[in-house]
1. How far is helix C:165-182 tilted off the main Cα axis of chain C, in degrees rounded to 10, range 0 to 90?
2. If packing is taken as the average count of other Cβ atoms within 10 Å, what order do A:183-191, A:94-102 fall into, highest mean first?
3. Say each of residue C:268 and residue A:104 gets a label point 7 Å from the Cα, pointing the same way as Cα to Cβ; how far apart are those two points in nm?
4. After finding the eigenvalues of the alpha carbon gyration tensor for region B:103-189, what semi-axes result from the square roots of 5 times each, listed largest first in whole Å?
5. Using a Debye calculation, one point per C-alpha and no hydration shell, please list log10 I(q)/I(0) for region C:241-359 at q = 0.12, 0.17, 0.23 Å⁻¹ in order.
6. Residues of B:23-29, mean number of Cβ from any other protein chain within 10 Å of their own Cβ, rounded to a whole number?
7. So what does log10 I(q)/I(0) come out to for region C:1-55 at q = 0.23 Å⁻¹, using the Debye formula with one equal point on every Cα and no solvent?
8. Angle between the Cα long axis of helix C:135-148 and the longest principal axis of chain C, 0 to 90 degrees, nearest 10?
């Protein structure tokens, strides 16, 4: 019985692993093809089925004028927007989360949990609902097709995540630590910065990671709110999809753009094993 | 002694959020009461849009059912598979670290970009899936058959987001207290019994949280649909989000799109609250 | 000047309240707040600290309205029952924290911290991380940190309750020394506990608290000898004092089917029906005594507690050795009636062996 279970376990894991890896492998081999390779039908293994070619990859480096695909600028744009918006979201979100965790608010019938719910409910809105008004709003203040405009919008997307994670985290830090800091002569701000915050690093890292992930993968807002001046990575790649770009450049671009977050996967696993993520759900 | 510091902490975040949101929200509501399209400006037509929505637009409600079907199916699948995976890499296993990282990776990729790859993957004549299956005699129309297209969307969504469930559930498993398991071991419980009576109940609160969060995110399915099928073939994978997108940004019936958005928002908030309560009662009835 | 509180009321929940509490704490003295769980001890301490604002009432310290001074400007220190230390700092930094906050220069800080470490017996532990320490050591760090400030008011909220028995006794002894050497002569020390024995050992002025009200105030000895009423008798004894309804008839005390000769100090009480009180330690095994049946035998430390019954009467007796009794064993006991108490029907102390009375 135990043996059957172990066998099933490895079997299932193998299948899932194949499933996870499949699109990557396919993209990888595709990226090395060129027109000659796809003439006879679908091909898989380089050197066996077809002659590998670096055309797909070379295209990434060439400038558009030479027929290349420029993904360097979108790359950095995405990076900049995501990181800035995440940073701001975490700063503002953590402050608010601390207040929601430690103090009671009451404005008529509205209490702490309602305010927290308000923050989190921003995630429910599908991008469409907000995209049209944001489109008009940014247009009115001349921030369409700009990095700053996008950052402003991303804050709405990411702050809820920061608040959600940090409220839960702060709830797990004993209140008595804040109290002791107060007794030791700290005013509430000092207590927060000198005592609570240093003990919240794991929570901040988790919040940071989730913010970066959800910011990096946004397609829709970037799609709606930027055109030519500013292009973000996801938008660029999708644009390639609809044009006549051959599959190999497409695959190469795609692979390059998803690579960075794999690093994040390692960091997440590290913290997971240390048991630091367990507080993020309620 | 005053407590004004508590407001100093809360308000920056709250104000920034409300500040950024306030105009768009009010605008959406106002817009929904207008007939803004390519011809009219911001006129006022009262509740006409809503009336039309509720009486004359079966396509919206169909899209809503489709959305419910898609999101519930994917979330259930993600939950089951995610839980299974989490459970398997929870305890000592060969290459544990490798598998844990590997299983996290799909979530770290940009959905749209991966979907572009999936599109080539499932391509009916040039893609590897049909090539391999062709050897066995059948080549399903992954992207052009109405029913199958839904299935393809589900496959892509499951690939993309199961890691999210996996992550939350594994974190949950790792944080469980040891005592109940020791007790079960002493009582000589089999692995199956252990799971049903110890592991699963202990994971109930985390499961509910994970499911709700995933449902919130899954209901926004848009990227995948846009790239993979553009809502098609026909309208078979058209979700509410996509339909609103078409009406608003393709057909430019902004006023109507706004009313759909607002209705959608209310329905979502209500259903999620209901689902949360039901799940809580169901899983925590101990 | 003193720490004076008047009519402090605070409502957290229906159960947890302070009801018009007043106190007058003098400088240089040790006060023990004795009460059961949920009696309001922690709430009271936190209110004095400023972590909670009372709904009504005033607190004045050195003549100034304490309530207007925020927590961080009050010159206080507090030790919690859960060992609270800053997890991200090591032992030295933990103790130095309040001094650093005050802006003392590093040399002075060094000096003070090392003095404190010596006082709590943790020399050599400066570089250790908090997580590496045992519970007792962590609590010592908390105490050291609270001493280093030379605060005018030192609050301790059941600081020993989470330590094991031996450690508790040991630290209790050390506390006496710590309080004398570690604090200035002007400091007020307020120590809360649920354990009457702890209150007696500390030997300070005891304030008995129950359900948010002050029941009695007095020297430890006084509380012990003359508890004002039944509630105080219950709170200030562990195990609780045995209380039996009895009446006097022809110079004998009668309860159940037992008759005891009436001792002198009880002979003058007025009511014929009263509550007869006797401590578990004043009920002894005696072969010529009254027969009771064992309901339960507990071993507590090096004592045996027997829960006995006879008819409707229930008595607990404590024996100063470990003995083996089984349920339904029969034992014979005698009451040291010269140590007995009488409480009238409303529960107030009518007569005590030490001459006290509230009626």
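Each value in this text was obtained by applying a stated rule to the coordinates, not by laboratory testing. Every value quoted in this text rests on a predicted model; they were computed, and no experiment measured them. Every residue, glycine as well, gets a Cβ built from its backbone with ideal geometry; the counts of neighbours run over all protein chains shown.
1. Approximately 50 degrees, to the nearest ten.
2. The densest-packed peptide leads the list: A:94-102, A:183-191.
3. So the two model labels end up 5.3 nm from each other.
4. Calculated on Cα positions only, the semi-axes equal 39, 17, 10 Å.
5. Once normalised to I(0) and log-transformed, intensities are -0.43, -0.82, -1.29.
6. On the way: counts 5, 12, 4, 1, 6, 5, 1.
Average neighbour count from other chains, rounded to a whole number: 5.
7. The computed values of log10 I(q)/I(0) come out as -0.96.
8. With rounding to tens, the tilt is 60 degrees.
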